[in-house]
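Participant: Take this structure, written in structure tokens, and hold onto it; I'll ask about it next.
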Amino acid sequence: MSKKFGLFGGLLGLLAFAPLVFEDYGLGLMIGIVSYAILAQAWSLFSGPTRYISLATVAFYGVGAYVVAVLNEDLAYPLILLIAVGTGLVMSLAVGIATLRLAGVYFVIFSFGLAELVRQLITWYEVNVSGTLGRYIFLPFEARHIYWMLLVLAGVTFAIAWWIRNSRTGMALRVIGEDEDVASHVGINITRTKLLLFAISASLMTLVGAIQAPRWVYIEPSIVFNPTVSFLTVIMALLGGPHRLLGPICGVIPLFLLFEWLSANFPNHYSILLGGVFILIVFLLPKGVLEFVDRFRLGGAAK
Amino acid sequence: MTVLLQTEDLTKRFGGLTAVRGVSFTLSFGEVVGLLGPNGSGKTTLLNMISGAHRATSGQINFEGHPIQNLRPDQISKQGIARTFQLVKVLPTMTVLENTICGLAFGSSRMWGAEAEGKAMEKLHQVGLADKAKQPAATLTYIDSKRLELARALAADPHLLLLDEWLSGLTPEELQEGIKLIKSIRDAGASILIVEHIMSAIRELCPRCIVMNAGEKIADGLTGDVLQQQDVIEAYLGAPHHA
Amino acid sequence: MLTTSLVIGLVLGGTYALAALGLTMQYGVSRIMNLAYGEFVIVAAFATFVLVSTLGLDPLLSLLLVGPAAFVISYAVYSVLMAPLVKRSRKGGNLEIDSILVTFGLLFLIQGILLVIFGADFQSYSYLNVAVDLFGVTIAANQVLAFGLATVLGIGLFLLIRFTRWGLILRAVAHRPDNAPLVAINVDRVAQLAFAFGGMLAAQAGVVISMFQTFTATAGVVFTMKALIVVIMGGVGNFLGALIAGLILGLVEAFVSAYLDPGLTLASTYLIFLVLLLWRPQGLFGKSVS
Ligand SMILES: Nc1ncnc2c1ncn2[C@@H]1O[C@H](COP(=O)(O)OP(=O)(O)OP(=O)(O)O)[C@@H](O)[C@H]1O
Ligand SMILES: [Mg+2]
């Protein structure tokens, strides 16, 4: 076990040297990969075991970025991050309490529209209350600082994922995913468990948005609430296998590079290709996405 | 004998259908009671209300002196009630051992780690599944799934065990094994409410039994006496016409 | 202002009801949760825009063209994308989740195509943009026509479902998909036709909406959301419920936009959705399952 930890720590340490090796473009790619690795891992944390497919990633991500945009001139940076996490937490709890007791499909629908709702609410607020649409972020961070912060967050995220997998809560989640009747009858508080995981997952997503925010310099709702973020997160996590600890990252690297290449070479047809690749992935997983996911689980259990 | 479980005027309606109507009974510490009745007479529904799977439409359930009719299943499980399901529910992609650990990780005992594993293995030995501990539950035969469900229910050392037709669907040899297993649990001092259709099993396991028909309790007493009762015999003989 | 809001609410509600009828057809009968549904609405709106502005066609005529075309296209979409999912769902796949994911992909695909062709700007064309007086309310003629069309199409569909053999079959599949084969109903075939029919309704709603509203390539999500909310409000597979729920939603939006702020209409929609989910998850008119 400690060997695995050493390996993990060593890898992170090695990755920390990336800014010394890569140019701007390369570092930008690394930032993207690490961001999506966190998002996909956070997504899998909740949606993997519970099978509640969340399409709301960008709602939290965007809120994180927006909090930074609003507060960046007034408060100390660590405090801003704290407020960002708090906002994501409150938002996820509110959404979770309302929807997690219901059948999965209602959750999907709700999460599907959540980003649009938040975007419209912020737009409304900015136009009517604060009177500005669009904000500037002046923080003294270069790409490498953002990269390092994301790397730390990635370490924390993977540690949380590892810890949850091996904890009672992780088992509770797996039981819930398999059979809610059994879960409640062995003493699992289903709503509380789902809510806890949803909140953790959402807080991590919010942080990714908050840390990435300074990269934009100029922010407005239509920029940060870009639905492709939710979309990419879901495909990456699904392709990599959300039940394996390293599954999400396995999906992130190839897909991120693929989409990066697509957006560089076919900027106008990016969305079309994105949709096409996604449909293809769902079809290529022969017995359906869940079956694919379960095969990994069975494999894991048999070992 | 002190009362462990007491229901009072318990009623459950599903829309226009009254599945359980005004059922009152008690079950004492260490008692093993059979619950029988024709198909659709409301036995499972009664069990569901006790375990919290269904909220009672009206009436009371007291367990160890506390009302539990408004609690959720997870809260009731923490009070020390465990059950099996009529349609066996094991967690297919988890191993037999993990399935059993579920039974003691969250309920009243809240064990974890090596301690939980040890206790779970002990229960698997008890039901005869120890050698399959590492297999995914999906690979089990029907009887083994039933055993596993029982191990999971026993894992938390429940104060009250609810069995819903745990013995049905077994071959004659398996049935004998099953009866022996439940007997050993009974003889260790457990309190059990057994829903069952198989008369021979009821006769062997339960000194006392309750009979339901069309949602109502129609008999409650010593098994030998009850099974002689005219309305009980009629309820059963009449059953095929309704089924 | 009160009557104005009422009339505008009914106009909006009529189109929402129409859009929701198509979705309830697709989800209630075909069991496909179509997240790209709003894109069908928008594509129809753009198609009408093109027909009107390049060929000078009357939007009413385009309704006759776009509707059947949408039927054929949806039929094909079902054959290519949905039928394989339905097939594999029998071998243990999960149709609901697979269809959600595939149509999520489809959403981006269609949106991408629209963006390439039309860009991200708001589009509209002028049609019957004259004021008429209705119950003392001054309202654009195109809105009156839109309401009339939505009502006629909605009532037509309702009668079809209520009184024809085909409607009976649809209801049978919606309520008891497992039992339908027992009475010699080919569920797969009905599902495909219902999906195509749902696509046609989406397109008709799109044409009607384009007569009085501006639209953009990215507006589909909002229509999907609204249609979904109406379907859930009305009870999945409940056609009359969708009709009534659509009107309610339209009215609420009209009043919120008149008395609070137009920017809060989606939020109000969401609020209704939330309250409903917490209070009656089976829908306003769904049967209560205890
Ligand atoms: N969730 C439910 N919703 C509606 N009706 C139900 C529900 N559960 C049970 N019923 C009805 O309640 C009645 C009693 O059912 P129950 O399952 O309790 O009978 P049972 O005595 O356990 O029968 P069996 O011996 O067949 O298991 C039946 O008519 C059944 O159809
Ligand atoms: Mg039963």
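The values are calculated or read from the model by the stated rules, or taken from the named source; none is laboratory data. Computed from a prediction, not measured in an experiment: that's the story for all the values here. Cβ coordinates were reconstructed from backbone atoms using ideal geometry, including for glycine residues, and neighbour counts include every protein chain displayed. To get the accessible areas, we keep the full protein, side chains included, count just its heavy atoms, and leave off ligands, DNA and RNA. Shrake-Rupley method; radii C 1.70, N 1.55, O 1.52, S 1.80 Å.
Participant: Taking the range A:215-228 only, how many residues are in a helix (DSSP H, G or I) and away from every other protein chain (no Cβ under 12 Å)?
Facilitator: Adding up the residues that qualify gives 3.
Participant: Still on this structure, I have one more. Hey, among the residues in the range B:45-68 that are closer than 15 Å to residue B:13 by Cβ and buried (at least 20 other Cβ atoms within 10 Å of the Cβ), which one's farthest from ligand 2 (Cβ to nearest atom)?
Facilitator: Among those residues, the one meeting the criterion is B:56.
Participant: Counting only residues that are within 16 Å of ligand 2 (Cβ to nearest atom) and at positive phi, which one in the range B:157-179 is least open to solvent (accessible area, probe 1.4 Å)?
Facilitator: Only one residue tops the list, namely B:165.
Participant: Ok, one more. Mind checking which residues of the range B:15-37 are near ligand 1 (Cβ under 8 Å from one of its atoms) and either within 15 Å of the chain's Cα centre (by Cα) or crowded, with 20+ Cβ neighbours inside 10 Å (or both)?
Facilitator: B:19, B:20, B:37 - these are the residues of the range B:15-37 that are near ligand 1 (Cβ under 8 Å from one of its atoms) and either within 15 Å of the chain's Cα centre (by Cα) or crowded, with 20+ Cβ neighbours inside 10 Å (or both).
Participant: If the requirement is being touching a His at 6+ places or on another chain (Cβ under 8 Å), modelled with pLDDT under 85 and within 14 Å of chain A (Cβ to nearest Cβ), which of these qualifies: C:237, C:286?
Facilitator: Unique residue meeting the criteria: C:237.
Participant: Counting just the residues of the range B:218-243 that are more than 30 Å from residue B:2 (Cβ to Cβ) and either modelled with pLDDT of 80 or more or within 15 Å of ligand 2 (Cβ to nearest atom) (or both), which one comes out most open to solvent (accessible area, probe 1.4 Å)?
Facilitator: Filtering the range B:218-243 for residues that are more than 30 Å from residue B:2 (Cβ to Cβ) and either modelled with pLDDT of 80 or more or within 15 Å of ligand 2 (Cβ to nearest atom) (or both), the one most open to solvent (accessible area, probe 1.4 Å) comes out as B:242.
Participant: Could you go through the range C:40-62 and let me know if any residue there is on the phi < 0 side of the Ramachandran plot, without any contact (Cβ under 8 Å) to a residue 12 or more places away in the chain, open to solvent by less than 10 Å² (accessible area, probe 1.4 Å) and not charged (D, E, K, R).
Facilitator: Looking through the range C:40-62, none of the residues is on the phi < 0 side of the Ramachandran plot, without any contact (Cβ under 8 Å) to a residue 12 or more places away in the chain, open to solvent by less than 10 Å² (accessible area, probe 1.4 Å) and not charged (D, E, K, R).
Residues are listed down the side, and each one gets a yes or a no for (1) open to solvent by less than 10 Å² (accessible area, probe 1.4 Å); (2) under 30 Å from residue B:91 (Cβ atoms):
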{"residue": "A:194", "(1), (2)": "yes, yes"}
{"residue": "A:201", "(1), (2)": "yes, yes"}
{"residue": "A:234", "(1), (2)": "yes, yes"}
{"residue": "A:261", "(1), (2)": "no, no"}
{"residue": "A:270", "(1), (2)": "no, no"}
{"residue": "A:274", "(1), (2)": "yes, no"}
{"residue": "A:281", "(1), (2)": "no, yes"}
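Participant: Give the range B:202-217 a look and list any residue that's touching a helix residue (DSSP H, G or I) at 6+ places or on another chain (Cβ under 7 Å), open to solvent by 10 Å² or more (accessible area, probe 1.4 Å) and in contact (Cβ under 8 Å) with a residue 40 or more places away in the chain, or say none.
Facilitator: Correct list: B:207, B:208, B:213.
Participant: Could you identify the single residue in C:120, C:83, C:140 that is within 14 Å of chain A (Cβ to nearest Cβ), in contact (Cβ under 8 Å) with a residue 40 or more places away in the chain and over 21 Å from residue C:224 (Cβ atoms)?
Facilitator: C:83
Participant: Now for a separate question. At pLDDT below 95, touching a Pro at 6+ places or on another chain (Cβ under 8 Å) and open to solvent by 20 Å² or more (accessible area, probe 1.4 Å): is that true of residue B:108 in this structure?
Facilitator: Yes, satisfied.
Participant: If you go through the range B:112-129 one residue at a time, do you hit one that is away from ligand 2 (no atom under 16 Å from the Cβ), of a type in the set (Phe, Trp, Tyr), away from chain A (no Cβ under 14 Å) and open to solvent by 50 Å² or more (accessible area, probe 1.4 Å)?
Facilitator: There is no residue in the range B:112-129 that is away from ligand 2 (no atom under 16 Å from the Cβ), of a type in the set (Phe, Trp, Tyr), away from chain A (no Cβ under 14 Å) and open to solvent by 50 Å² or more (accessible area, probe 1.4 Å).
Participant: Does the range B:138-180 hold any residues that are among the hydroxyl-bearing types (Ser, Thr, Tyr), away from ligand 1 (no atom under 16 Å from the Cβ) and more than 20 Å from residue B:97 (Cα to Cα), and which are they?
Facilitator: To start, the set of residues in the range B:138-180 that are among the hydroxyl-bearing types (Ser, Thr, Tyr) comprises B:139, B:141-142, B:145, B:168, B:171.
Narrowing the set further to residues that are away from ligand 1 (no atom under 16 Å from the Cβ) leaves B:139, B:141-142, B:145, B:171.
Hit for the range B:138-180 is B:171, nothing else.
Participant: Test of understanding: among C:136, C:156, C:167, which residue is surrounded by fewer than 19 Cβ atoms within 10 Å (Cβ to Cβ), under 19 Å from the mean Cα position of the chain (by Cα) and over 23 Å from residue C:76 (Cα atoms)?
Facilitator: So the residue among C:136, C:156, C:167 that is surrounded by fewer than 19 Cβ atoms within 10 Å (Cβ to Cβ), under 19 Å from the mean Cα position of the chain (by Cα) and over 23 Å from residue C:76 (Cα atoms) is C:156.
Participant: To continue, here is another question. Under 7 Å by Cβ, and 6 or more places apart or on different chains, what pairs join a residue from the range A:85-111 that is free of Cβ contacts under 8 Å to residues at least 60 places away in the same chain with one that is among the hydrophobic types (A, V, I, L, M, F, W, C) and open to solvent by 30 Å² or more (accessible area, probe 1.4 Å)?
Facilitator: If the second residue must be among the hydrophobic types (A, V, I, L, M, F, W, C) and open to solvent by 30 Å² or more (accessible area, probe 1.4 Å), the pairs left are A:98/C:274; A:98/C:278.
Participant: Could you grab the pairs with beta carbons closer than 7 Å, sequence gap of 6+ or different chains, first residue in the range B:85-104 and of a type in the set (D, E, K, R), second one open to solvent by less than 10 Å² (accessible area, probe 1.4 Å)?
Facilitator: Taking only residues 6 or more apart or on different chains, the pairs are B:89/A:182; B:89/B:149.
Here's the yes/no breakdown for (1) modelled with pLDDT of 90 or more; (2) in contact with a His (Cβ under 8 Å, 6 or more places away or on another chain); (3) farther than 13 Å from residue C:195 by Cα:
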{"residue": "C:2", "(1), (2), (3)": "no, no, yes"}
{"residue": "C:27", "(1), (2), (3)": "no, no, no"}
{"residue": "C:40", "(1), (2), (3)": "yes, no, no"}
{"residue": "C:47", "(1), (2), (3)": "yes, no, yes"}
{"residue": "C:57", "(1), (2), (3)": "no, no, yes"}
{"residue": "C:115", "(1), (2), (3)": "yes, no, yes"}
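Participant: So in the range A:122-148, with the set limited to residues that are in a loop (DSSP other than H, G, I, E, B) and not aliphatic (A, V, I, L, M), which one is surrounded by the most Cβ atoms within 10 Å (Cβ to Cβ)?
Facilitator: A:141
Participant: Restricting to the range B:38-77, name every residue that is within 14 Å of chain A (Cβ to nearest Cβ) and within 13 Å of ligand 1 (Cβ to nearest atom).
Facilitator: Of everything in the range B:38-77, those that are within 14 Å of chain A (Cβ to nearest Cβ) and within 13 Å of ligand 1 (Cβ to nearest atom) turn out to be B:44, B:47, B:48, B:49, B:50, B:51, B:53, B:54, B:55.
Participant: Yes or no: residue C:221 outside any helix (DSSP H, G or I), more than 16 Å from ligand 2 (Cβ to nearest atom) and either away from chain A (no Cβ under 11 Å) or open to solvent by 10 Å² or more (accessible area, probe 1.4 Å) (or both)?
Facilitator: no
Participant: Next question. For a quick check of your reading: which helices (runs of 4 or more DSSP H) sit entirely within the range A:1-55 and have at least 2 residues that are buried (at least 24 other Cβ atoms within 10 Å of the Cβ), of a type in the set (S, T, N, Q) and in contact (Cβ under 8 Å) with a residue 12 or more places away in the chain? Step through it out loud before you land on a result.
Facilitator: Working: elements: A:2-15, A:18-21, A:24-50.
In the range A:1-55, the matching helices (runs of 4 or more DSSP H) lie at A:24-50.
Participant: What is the one condition in (1) modelled with pLDDT of 85 or more; (2) open to solvent by less than 50 Å² (accessible area, probe 1.4 Å) that residue C:71 does not satisfy?
Facilitator: Evaluating residue C:71 over (1) modelled with pLDDT of 85 or more; (2) open to solvent by less than 50 Å² (accessible area, probe 1.4 Å) leaves (2) as the failure.
Participant: For residue C:155, state whether it is part of a helix (DSSP H, G or I), within 17 Å of residue C:26 (Cβ to Cβ) and of a type in the set (Val, Ile, Thr).
Facilitator: no
Participant: Taking the range A:127-139 as the region of interest, how many residues are in contact (Cβ under 8 Å) with a residue 24 or more places away in the chain and either at the interface with chain C (Cβ under 10 Å from one of its Cβ atoms) or of a type in the set (Phe, Trp, Tyr) (or both)?
Facilitator: First pass over the range A:127-139, keeping only residues in contact (Cβ under 8 Å) with a residue 24 or more places away in the chain: A:133-139.
Those still in the list that are either at the interface with chain C (Cβ under 10 Å from one of its Cβ atoms) or of a type in the set (Phe, Trp, Tyr) (or both) too: A:136, A:138.
Number of matching residues: 2.
Listed here are the residues, each with its yes/no results for (1) in a helix (DSSP H, G or I); (2) modelled with pLDDT of 85 or more; (3) open to solvent by 40 Å² or more (accessible area, probe 1.4 Å).
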position: A:80; (1), (2), (3): yes, yes, no
position: A:95; (1), (2), (3): yes, yes, no
position: A:98; (1), (2), (3): yes, no, no
position: A:101; (1), (2), (3): no, no, yes
position: A:109; (1), (2), (3): yes, no, no
position: A:112; (1), (2), (3): yes, no, no
position: A:115; (1), (2), (3): yes, yes, no
